[in-house]
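Below: the structure, in structure tokens.
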Number of protein chains: 2
Amino acid sequence: MKGISILGSTGSIGCNSLKVIEHLKEFRVVALAAGRNMPKFAEQIAKFRPQLVSVDDQDCAETLERALHKFGAAVPKIELNSNGLIAVATHEEAKTVISATVGAVGFVPTLRAIEAGKRIALANKETLVMAGELMTAAAERSGAEILPVDSEHNAIHQCLHGRGRQEIRRIILTASGGPFREMSAAAIANVKPEDALRHPTWRMGRKITIDSATLMNKGLEVIEAHWLFDLSSDRIDVVIHPQSIVHSMVELNDGSIIAQLGGADMKLPIQYACSYPDRWEAPVARLDLMAVGRLEFHAPDLQRFPCLRLAYRALESGPSHAIVLNAANEVAVASYLDEKISFGSIPRVIEESMDAHSAVAVATVEEVREVDRWARLYSQNVARGLELKV
Amino acid sequence: MKGISILGSTGSIGCNSLKVIEHLKEFRVVALAAGRNMPKFAEQIAKFRPQLVSVDDQDCAETLERALHKFGAAVPKIELNSNGLIAVATHEEAKTVISATVGAVGFVPTLRAIEAGKRIALANKETLVMAGELMTAAAERSGAEILPVDSEHNAIHQCLHGRGRQEIRRIILTASGGPFREMSAAAIANVKPEDALRHPTWRMGRKITIDSATLMNKGLEVIEAHWLFDLSSDRIDVVIHPQSIVHSMVELNDGSIIAQLGGADMKLPIQYACSYPDRWEAPVARLDLMAVGRLEFHAPDLQRFPCLRLAYRALESGPSHAIVLNAANEVAVASYLDEKISFGSIPRVIEESMDAHSAVAVATVEEVREVDRWARLYSQNVARGLELKV
């Protein structure tokens, strides 16, 4: 039995991960970290009996203990906050760490897991966006494998299946196009959060769903792909594919394109990231292409969806710009979800923050954090200036 | 430089093979065999200067010599007929043999090349349909690799890329559906050869174009796939895909589907069959999925296209039935192209011949030939009974 830890176990990826593990005899949950959803976390702990858990703060820990007592479940060791996340990420019995927290919080714990030589099933794309160079260099030193859980990068990994970098001409990330794919620029500018939260094909968390609607999610994935597959931005293309059946593609040097297809079920890439290089039966519905009938592909519109353009710009401007892009995006999306700024202001917050930033070296955790802190403060100011009149 | 021989160099696959070789510095043509198109063959010989060539008969040899003199080209050693084909297939300097003759004539020469341990780039699907067991057993003994050139099987080979048989749930061969994809059964029954010869996506030889129109080509491919990938008929599916962009797919045991996509250019699979396990830049146009825009998939209609159903029946009935299917199909298609029988009579000739056959062992070349001879005679009789009144 292989030990497994999960950072972010009560989120969408975390819950799906536990469903996958439940059906696999090969894995045992040794440590779990969750944020603030204590009722669900208590259920998970009662069922999977990890040795160690981590929560946000002492209040959460107390709520959790009460909930566990109610279930009649044993209370595991509970640690708090970022120390807790790191303890879960580096638990000595964990061979595999599923990194599935949302946003920047997963950065240091994931880095520590990489340094400890764990297999990382990476669902937290912000981690690579903020610190791709640090992460990949650490993985090279420790021998840690980073396996992407994002369906697109997981698809690329499956398509490559050991093919060498010299065989790759380019990769093609598919994007559903989000709920506003066919909406005019003027209408997009003022869409409400409740509409933006209705993703056409995938059910996900709130932040990533907004990122999908702005296409920033695809932009972050372009940067993520750069680090995972060591490709320059001109070799990473994006194509809009509304059906989300082709999860991504690789064009090889002879012109052949290899694609991975599947249903909209994250359990498949999660299991692959755990089972690789093996492949096991998975608890997912079979894809019936004849029932789908039709797959469509068209070019993304960078005018209506400037976030994708900004992500390419960040990738070309160097690693510290990607940190600014990511931080400003987190700030802008939070502000949008709080109904303080309009949907159309999200890219403005990001672009103004990037404009104000001059590239700096980000070779250490402290340097990464410094840029991240600056970008959050700066973009909060920008967002305040764009606040809607009530 | 690796030596290469081509069986059927003046056909569609043969010509494309020479275009591929022309641009590859790694290969040198050592022997060529062609049927009756001597002007084109003379051109090829003048250009590629093989040491040995083979033609159908003495008349062809003399025509060829005259044509070569006209070009001022040296005359290589010329051999005749099946002995000549075997000499080309087993030329000692040939490491790779492209088997691209049409129909049953390529069977023994290809078998001899397999026995000699050559890499076989196999475009002659009838060979495996007639004698899959013999061929694959011989390849196992000699260590010969059989790499499919058919775009569908080549796609499967690319999708598998070394994945083990235990990972495969099923393979999905795509079919364009041919020119009569949307025609009623009654109208299909009486289509003229000039219409049947207009394939919607691929430009190929006459016999294979008719086989595409009847879907027998896909049926032969199902049988070919059985031998190439060691899968039972219930794990080989066919899906109609009119755009012919997805060349075929593999469903893996976790439900993931890997597909290979490309343009309608046989140079890509030919080069792959020669270059594998390497992959080189290829002289083919890049596929622009956004320009294609849409890929469609639907189920094949076995009522309107009974040849596909007959092929599955042959595969389930045992190897000697596949020989009958193939022989009767060759007879019926020739008779149809001579405008002696209707399009709708092609499956009738095949089905009546299969009905009249009882399974026998086909473990030797002689046993294969015996069934083939019987089936040709029998199906000629059936075809005569179905001849159109003039």
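The values are calculated or read from the model by the stated rules, or taken from the named source; none is laboratory data. These figures come from a predicted structure and were not determined experimentally. For neighbour counting, all protein chains shown are included, and Cβ atoms are generated from backbone atoms with ideal geometry for every residue, glycine included.
Only one of these is among the small types (G, A, S) and over 23 Å from B:A328 (Cβ atoms): B:G164, B:G178. Name it.
Values: B:G178 fails: over 23 Å from B:A328 (Cβ atoms).
On inspection, the qualifying residue turns out to be B:G164.
How many of the residues in the range B:11-29 are modelled with pLDDT under 95 and more than 23 Å from the chain's Cα centre (by Cα)?
Counting residues in the range B:11-29 that are modelled with pLDDT under 95 and more than 23 Å from the chain's Cα centre (by Cα) gives 4.
Of the residues in the range B:256-268, how many are of a type in the set (A, V, I, L, M) and more than 7 Å from every other protein chain (Cβ to nearest Cβ)? Don't jump to the end; show me each part of the working.
Of the residues in the range B:256-268, the ones of a type in the set (A, V, I, L, M) are B:257-259, B:261, B:264, B:266, B:268.
Narrowing further to those that are more than 7 Å from every other protein chain (Cβ to nearest Cβ): B:264, B:266.
Summing the residues that are of a type in the set (A, V, I, L, M) and more than 7 Å from every other protein chain (Cβ to nearest Cβ) in the range B:256-268 gives 2.
A quick yes/no check of all residues on (1) in a loop (DSSP other than H, G, I, E, B); (2) in contact (Cβ under 8 Å) with a residue 60 or more places away in the chain; (3) under 27 Å from B:D265 (Cβ atoms):
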{"position": "B:S9", "(1), (2), (3)": "yes, yes, yes"}
{"position": "B:S17", "(1), (2), (3)": "no, yes, yes"}
{"position": "B:P39", "(1), (2), (3)": "no, no, yes"}
{"position": "B:I45", "(1), (2), (3)": "no, no, yes"}
{"position": "B:A74", "(1), (2), (3)": "yes, no, no"}
{"position": "B:G84", "(1), (2), (3)": "no, no, no"}
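Between B:L302, B:L261, B:L315, which is out of contact with any Lys or Arg (no Cβ under 6 Å at 6 or more places or on another chain) and over 21 Å from B:T127 (Cα atoms)? Give the steps one after another, and end with the answer.
Numbers: B:L302 fails: out of contact with any Lys or Arg (no Cβ under 6 Å at 6 or more places or on another chain); B:L315 fails: over 21 Å from B:T127 (Cα atoms).
Of B:L302, B:L261, B:L315, the one residue that is out of contact with any Lys or Arg (no Cβ under 6 Å at 6 or more places or on another chain) and over 21 Å from B:T127 (Cα atoms) is B:L261.
Return the residue satisfying two criteria in turn: it lies in the range B:354-366 and is in a helix (DSSP H, G or I) and free of Cβ contacts under 8 Å to residues at least 40 places away in the same chain, and of such residues it is farthest from B:L315 (Cα to Cα). Show your work before the answer.
Just the residues of the range B:354-366 that are in a helix (DSSP H, G or I), to begin with: B:354-355, B:365-366.
Next cut, free of Cβ contacts under 8 Å to residues at least 40 places away in the same chain only: B:355, B:366.
On the way: B:D355: 14, B:E366: 21 Å.
That would be B:E366.
Look through A:I86, A:I171, A:I78 and report the one residue that is under 26 Å from A:Y312 (Cβ atoms) and among the β-branched types (V, I, T). Walk me through it before giving the result.
Working: A:I86 fails: under 26 Å from A:Y312 (Cβ atoms); A:I78 fails: under 26 Å from A:Y312 (Cβ atoms).
From the options A:I86, A:I171, A:I78, the qualifying one is A:I171.
Just need a number here: residues in the range B:95-139 that are in contact with a Lys or Arg (Cβ under 7 Å, 6 or more places away or on another chain) and closer than 12 Å to B:V149 by Cβ. Please lay out each step first, then the result.
Step one: list which residues in the range B:95-139 are in contact with a Lys or Arg (Cβ under 7 Å, 6 or more places away or on another chain), which gives B:95-97, B:102-103, B:118-119.
If we keep only those that are closer than 12 Å to B:V149 by Cβ as well, we get B:96-97, B:119.
Of the residues in that region, 3 qualify.
Please specify each residue of the range A:105-162 satisfying the condition of being of a type outside the set (A, V, I, L, M, F, W, C), part of a helix (DSSP H, G or I) and closer than 19 Å to A:L325 by Cβ.
Of everything in the range A:105-162, those that are of a type outside the set (A, V, I, L, M, F, W, C), part of a helix (DSSP H, G or I) and closer than 19 Å to A:L325 by Cβ turn out to be A:G106, A:T110, A:K125, A:E126, A:T127, A:G132, A:E133, A:T136, A:E152, A:H153.
Determine, yes or no, whether B:F297 is farther than 30 Å from A:V239 by Cα, of a type in the set (F, W, Y) and buried (at least 18 other Cβ atoms within 10 Å of the Cβ). Talk me through it step by step, then tell me what you get.
Numbers: farther than 30 Å from A:V239 by Cα: no; of a type in the set (F, W, Y): yes; buried (at least 18 other Cβ atoms within 10 Å of the Cβ): yes.
When the stated conditions are applied, B:F297 does not pass them.
Name the residue, out of A:V222, A:V250, A:V238, A:V191, that is part of a loop (DSSP other than H, G, I, E, B) and of a type in the set (V, I, T). So that I can check it myself, show each step before the final result.
Values: A:V222 fails: part of a loop (DSSP other than H, G, I, E, B); A:V250 fails: part of a loop (DSSP other than H, G, I, E, B); A:V238 fails: part of a loop (DSSP other than H, G, I, E, B).
Going through A:V222, A:V250, A:V238, A:V191 in turn, just one is part of a loop (DSSP other than H, G, I, E, B) and of a type in the set (V, I, T): A:V191.
Within the range A:165-178, work out how many residues are surrounded by 15 or more Cβ atoms within 10 Å (Cβ to Cβ) and either of a type in the set (S, T, N, Q) or touching a helix residue (DSSP H, G or I) at 6+ places or on another chain (Cβ under 6 Å) (or both).
Going through the range A:165-178, the residues surrounded by 15 or more Cβ atoms within 10 Å (Cβ to Cβ) turn out to be A:167-178.
Still in the running and either of a type in the set (S, T, N, Q) or touching a helix residue (DSSP H, G or I) at 6+ places or on another chain (Cβ under 6 Å) (or both): A:170-171, A:173-176, A:178.
Looking only at that region, the number is 7.
Would you be able to tell me the number of residues in the range B:19-29 that are assigned to a helix (DSSP H, G or I) and surrounded by 19 or more Cβ atoms within 10 Å (Cβ to Cβ)?
Residues meeting the conditions: 2.
Could we say that A:A311 is more than 9 Å from chain B (Cβ to nearest Cβ), outside any helix (DSSP H, G or I) and of a type in the set (G, A, S) here?
no
With the condition kept exactly as written, say whether any residue in the range B:47-64 is buried (at least 23 other Cβ atoms within 10 Å of the Cβ) and on the phi > 0 side of the Ramachandran plot. It would help to see each step written out before you state the result.
Residues of the range B:47-64 that are buried (at least 23 other Cβ atoms within 10 Å of the Cβ), as a first pass: B:50, B:53-55.
Narrowing the set further to residues that are on the phi > 0 side of the Ramachandran plot leaves none.
No: the range B:47-64 contains no residue that is buried (at least 23 other Cβ atoms within 10 Å of the Cβ) and on the phi > 0 side of the Ramachandran plot.
Step by step: first the residues of the range B:127-144, then only those that are without any contact (Cβ under 8 Å) to a residue 60 or more places away in the chain and touching a helix residue (DSSP H, G or I) at 6+ places or on another chain (Cβ under 9 Å), then the one that is surrounded by the most Cβ atoms within 10 Å (Cβ to Cβ). Which residue is that?
If we filter the range B:127-144 for residues that are without any contact (Cβ under 8 Å) to a residue 60 or more places away in the chain, which is where we start, we get B:127, B:137-144.
Right, trim to touching a helix residue (DSSP H, G or I) at 6+ places or on another chain (Cβ under 9 Å) and you get B:127, B:138-139, B:141-142, B:144.
Numbers: B:T127: 30, B:A138: 20, B:A139: 19, B:R141: 11, B:S142: 14, B:A144: 20.
Looking at the filtered set, the residue picked out is B:T127.
Looking at the range A:248-255, is at least one residue within 14 Å of another protein chain (Cβ to nearest Cβ) and touching a Ser or Thr at 6+ places or on another chain (Cβ under 6 Å)?
The first filter runs over the range A:248-255 and keeps only residues within 14 Å of another protein chain (Cβ to nearest Cβ), leaving A:248-255.
Remaining after also requiring touching a Ser or Thr at 6+ places or on another chain (Cβ under 6 Å): A:248.
Checked the range A:248-255: at least one residue is within 14 Å of another protein chain (Cβ to nearest Cβ) and touching a Ser or Thr at 6+ places or on another chain (Cβ under 6 Å).
Mind checking which residues of the range A:269-305 are facing chain B (nearest Cβ under 7 Å), at pLDDT below 95 and either under 23 Å from the mean Cα position of the chain (by Cα) or part of a strand (DSSP E or B) (or both)?
Scanning the range A:269-305 gives A:R279, A:A282, A:V284.
Do you know which residues across the range B:169-196 are within 13 Å of chain A (Cβ to nearest Cβ) and more than 24 Å from the chain's Cα centre (by Cα)?
B:R169
Checking the condition surrounded by fewer than 17 Cβ atoms within 10 Å (Cβ to Cβ) and in contact (Cβ under 8 Å) with a residue 60 or more places away in the chain, which residue from B:Y276, B:Y312 passes?
One residue alone meets the criteria, B:Y276.
The rows are residues; the columns are (1) modelled with pLDDT under 95; (2) surrounded by 24 or more Cβ atoms within 10 Å (Cβ to Cβ); (3) closer than 28 Å to B:H161 by Cβ.
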site	(1), (2), (3)
B:N190	yes, no, no
B:D195	yes, no, no
B:W202	yes, no, yes
B:T209	yes, no, no
B:T214	no, yes, no
B:K218	no, yes, yes
B:L231	no, no, yes
B:V238	no, yes, yes
B:H247	no, yes, yes
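Specify the residue that is modelled with the lowest pLDDT; the eligible residues are those in the range B:169-184 that are in contact with a strand residue (DSSP E or B) (Cβ under 6 Å, 6 or more places away or on another chain) and either among the aliphatic types (A, V, I, L, M) or over 17 Å from B:W227 (Cα atoms) (or both). Steps first, answer last, please.
Just the residues of the range B:169-184 that are in contact with a strand residue (DSSP E or B) (Cβ under 6 Å, 6 or more places away or on another chain), to begin with: B:169-175, B:177.
Then drop every residue that is not either among the aliphatic types (A, V, I, L, M) or over 17 Å from B:W227 (Cα atoms) (or both), which leaves B:171-175, B:177.
On the way: B:I171: 98, B:I172: 98, B:L173: 98, B:T174: 98, B:A175: 96, B:G177: 93.
That would be B:G177.
Is it true that B:A363 is modelled with pLDDT under 95 and closer than 27 Å to B:D234 by Cα?
yes
Yes/no per residue for (1) under 22 Å from the mean Cα position of the chain (by Cα); (2) surrounded by 14 or more Cβ atoms within 10 Å (Cβ to Cβ):
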site: A:L337; (1), (2): yes, yes
site: A:K340; (1), (2): no, yes
site: A:M354; (1), (2): yes, yes
site: A:H357; (1), (2): no, yes
site: A:A361; (1), (2): no, no
site: A:T364; (1), (2): yes, no
site: A:R369; (1), (2): yes, yes
site: A:R373; (1), (2): yes, no
site: A:Q380; (1), (2): no, yes
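Taking the range B:127-160 as the search range and keeping residues that are more than 13 Å from B:I13 (Cβ to Cβ) and of a type in the set (D, E), which one is nearest to the chain's Cα centre (by Cα)?
Filtering first and then ranking leaves B:E152.
Tell me which of these A:R384 doesn't satisfy, since it passes every other one: (1) more than 23 Å from A:P109 (Cα to Cα); (2) in contact with a Pro (Cβ under 9 Å, 6 or more places away or on another chain); (3) not aromatic (F, W, Y).
It is condition (2) that A:R384 fails.
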